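Take a look at the structure set out below.
The values are calculated or read from the model by the stated rules, or taken from the named source; none is laboratory data. Since this is a predicted model, take the numbers as computed values, not measurements. Cβ atoms come from the backbone with ideal geometry, glycine included; neighbour counts cover every protein chain shown. Keep in mind that these areas ignore ligands, DNA and RNA; they rest on the heavy atoms of the full protein, side chains included. Shrake-Rupley method; radii C 1.70, N 1.55, O 1.52, S 1.80 Å.
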Amino acid sequence: VHQSTSKTSINFKKKEKLISFVGKLNESKGYDIFGKSILRILNKHKNWSAVVIGDEPRQKFFFDHKNLHHYGFRDNKFVLDMLKKVSIAVVPSRWDEPFGRSSLEAASRGCALIISNTGGLSETTNDALILDKLSIESLYQKLNILIKNKKLRNNLQRNAHTNFTLTNKKISSQ
C-alpha cells in the first residue's frame, strides 16, 4: 500500500516563480546537485526564487544566493502550504527511494515535477520530467526548459494535480 496525502483545490494563478527542494540536505537525496544547479538558474533567471525545506546534521552543504531561501526543518502543514505556491519541485535523489514523499506531496499541490529515475519516485506521478542522467547539467537543463516553456510547466502542474490519485481516502480504503 502506497503512502498518501490530502488533495486540495489549487489556484494555479497564485503559483509563484518558485522552485523547491524538500528533504534531507545530503548527497543521497541529491541536494548537492540541486544546490549547484539552482545557483546557475537563479543567476540566469533573476525573477525566479527557490526554497529549501529540510536539514541534515551529518553533512553540511550550504548554497547562498539572494533568491534562495533556507527554512530548515518545518512541520508538514508548512511544507504543504508552501507547495501550493511552488511552480517547480525538484526531487533529484541518488538513493533508490522506496517511494518518495516529497514528490507525492508536490504532485498533490500541483507542482511541475523534476524527479530522478531512482527507486519508487516514478510511482508518485506520471506527470514529471525525469532526469535520465543525474547530474548538475541535466538538472540545470530541465529547470531551464520549465522556466522558459510556460505552457509545458502549466500542463505538468495541472496534470500532476488532476491525475493525483494517492489520496488519504483511497489509500485508507485499500
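Considering 134, 152, 129, the condition of being of a type in the set (A, V, I, L, M, F, W, C), surrounded by fewer than 18 Cβ atoms within 10 Å (Cβ to Cβ) and touching a Lys or Arg at 6+ places or on another chain (Cβ under 7 Å) is satisfied by 134 alone. Of everything in region 49-91 that is farther than 24 Å from residue 14 by Cα and of a type in the set (A, V, I, L, M, F, W, C), the residue that is surrounded by the most Cβ atoms within 10 Å (Cβ to Cβ) is 63.
Checked against (1) open to solvent by less than 10 Å² (accessible area, probe 1.4 Å); (2) free of Cβ contacts under 8 Å to residues at least 40 places away in the same chain; (3) farther than 19 Å from residue 152 by Cα; (4) part of a helix (DSSP H, G or I), residue 38 passes all but condition (2). Which residue, of 142, 85, is within 13 Å of the chain's Cα centre (by Cα), at pLDDT 95 or above and either among the acidic types (Asp, Glu) or more than 19 Å from residue 35 (Cβ to Cβ) (or both)? Only one candidate passes the filter, namely 85. It is to be established whether one or more residues within region 160-167 are of a type in the set (Phe, Trp, Tyr) and part of a loop (DSSP other than H, G, I, E, B). Within region 160-167 (the criterion being of a type in the set (Phe, Trp, Tyr) and part of a loop (DSSP other than H, G, I, E, B)), the answer is yes, since at least one residue qualifies. Looking only at region 7-33, residues that are touching a Pro at 6+ places or on another chain (Cβ under 9 Å) and under 12 Å from residue 70 (Cβ atoms) come to 2 in all.
Considering every residue within region 101-119, establish whether at least one is at pLDDT below 95, of a type in the set (Ser, Thr, Tyr) and out of contact with any strand residue (DSSP E or B) (no Cβ under 7 Å at 6 or more places or on another chain). Yes: region 101-119 contains one or more residues that are at pLDDT below 95, of a type in the set (Ser, Thr, Tyr) and out of contact with any strand residue (DSSP E or B) (no Cβ under 7 Å at 6 or more places or on another chain). For region 116-130, the criterion of a residue being among the β-branched types (Val, Ile, Thr) and part of a helix (DSSP H, G or I) is satisfied by no position.
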